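Below you'll find the structure, written out as structure tokens, and then a few comments.
Please treat every number below as a calculation from the coordinates, not as lab data. All of these numbers come straight from a predicted model, not from anything done at the bench. A quick note on method: Cβ atoms are made from the backbone with ideal geometry, for glycine too, and the neighbour counts reach across all protein chains shown.
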Amino acid sequence: MMRKAIYSWAVLFVCTASVVAQVPRAVVASGESFAARLTSVDAEGRFGFDVAGKARTVAAVDLLSWGQPVEIRKGPIVLLADGGLLTADITRADKASLAAESDLLGALKLPLESLSGIVFRPPPRRDDLDALLDRVLHARGESDRLILDNGDEVTGLIELLDGDKLKVKGNVGLLEVALRRVVAVVFNPALRQKAAGQATATWVGLSDGARLPIARLKLNGDLLKLTTQAGATWKATAKDIVFVMPLAGRAVYLSDIRPSDYRFLPYLDLKWNYQADRNVTGGLLRCSDRLYLKGIGVHSAAGLTYELDRPWSRFEAETGIDDSTAGRGSVGFRVFVDGKQTYASGPVRGGEAPRHVSVDLTGAKRLNLLVDYGEAGDVMDHADWLEARLVK
């Protein structure tokens, strides 16, 4: 009976290998991905690679990604107003700027308006850290804020952070708070510098877990030069870069597009919405212990519709069950183009490596993405359309 219901609803709706010595992979808009080492990035945005001893150059518009971002392992974590993250020891902060020392980027002096906040004590669980980072990044209000280890918040104006104490001027005067009690600091959201459009940025991941939307990137020999969207120039070494994802190329990510329709069929009563660039519970997208910056998280059974208002070459994605299920869950992924099924995954189970999907969109007008119930109803069916994209 349940299978019949799923089938009827769908018809209605559409009317890892070993990591030892692993070479990072470059994913391109046309052709197969390839294992390569990044050797250069020039002023025109061309990426140079060493592919098994042979040189290959890829224009930025044709490069979808290279390598993969890594998790931040320690704090403090400095959150930038443009959504970037970096790890650095905080040496001093006042009402105007923050001084910090990064193991990879060296000494940094950051205007407070370019920052969202600082997480001094990252929670050990990834989901808890994701939630805390989002809490700081998306905070509202017109004052600085301290989040303390007992759950309390202190609001006011941060006068000074020096050594092991924070001085905050609030309604009751000047308060001195021991830094060991501070979990995170939120800088006045009303004063944050408006971030440049991330649609034209290049996401860069560093080996310490830093993730930065960069305006310009240059790699020449051993010198890596990063120009932030706020105009600052930072330097690191070639071995420090582990991930690149240019966003202003031939791929448009579905997480940046509002679907024309979203439908969800609850197994019982619980309802789930889809999440852009997050898994269905709100955490970052992770599958097979890999972190993904772009994608869509849904719960079975769910469907997304996209009207294709311009010519596209292909739809591509990696599909899998999010790591938040700890190996549980099972679903089926299906893709329909103009009402005709063009891809069906069969059972996809938690703990399995992501499966690649590539569907021809030549002349297509409508794209439907469906996730069906799996082998255990809807239990832990946290399904991810990873890096789901339309290719020009």
| With a ≥ b ≥ c the root eigenvalues of the C-alpha gyration tensor of the chain, is it rounded (a/c under 1.5), prolate (a/b larger than b/c) or oblate? | oblate
| query | For Leu160, what is the net charge nearby, where nearby means another residue's Cβ is under 13 Å from its Cβ and Lys, Arg count +1, Asp, Glu -1? | reply | -1
| Based on DSSP H runs of at least 4 residues, each adding -39500 (n - 2.57), what is the mean residue ellipticity at 222 nm of the chain after dividing by all its residues, to the nearest 500 deg cm²/dmol? | -2000 deg cm²/dmol
| Is the shape of region 77-191 rounded, prolate or oblate, going by the alpha carbon gyration tensor and its root eigenvalues a ≥ b ≥ c, with a/c under 1.5 for rounded and a/b larger than b/c for prolate? | rounded
| Mind checking which aspartates and glutamates have their C-alpha under 18 Å from Lys225, skipping anything on the same chain fewer than 8 residues away? | Asp42, Glu44, Glu101, Asp103, Asp208, Asp240
| message | Restricting to DSSP loop positions (anything but H, G, I, E, B) with no more than 12 other Cβ atoms inside 10 Å of their own Cβ, which trypsin sites (Lys or Arg not before Pro) remain in region 23-128? | response | Arg73, Lys74, Lys95, Arg125
| said: What whole-number distance in Å separates the alpha-carbon centres of region 39-57 and region 280-324? | reply: 29 Å
| task | Return the loop-located trypsin sites (Lys or Arg not before Pro) in region 209-294 (DSSP other than H, G, I, E, B) with at most 12 other Cβ atoms within 10 Å of their own Cβ; answer none if there are none. | result | Lys271
| note | When the charge dipole of region 131-199 is computed with +1 at the Cβ of Lys and Arg and -1 at the Cβ of Asp and Glu, the Cα pointing farthest to the positive end, of Ser143, Val182, Gly156, is that of Ser143
| message | What lysines does Lys271 reach when the alpha-carbon gap must be under 24 Å and sequence neighbours fewer than 8 apart in one chain are set aside? | response | Lys4, Lys294
| Shape call for region 235-306 from the C-alpha gyration tensor, a ≥ b ≥ c root eigenvalues: rounded (a/c under 1.5), prolate (a/b greater than b/c) or oblate? | oblate
| Neighbour net charge for Lys194 - beta-carbon separation under 14 angstrom, K R +1, D E -1 | -1
| said: Among the listed pairs Lys165/Lys194; Lys74/Lys109; Lys54/Lys392, which have their C-alpha atoms separated by more than 22 angstrom in this model? | reply: Lys165/Lys194; Lys54/Lys392
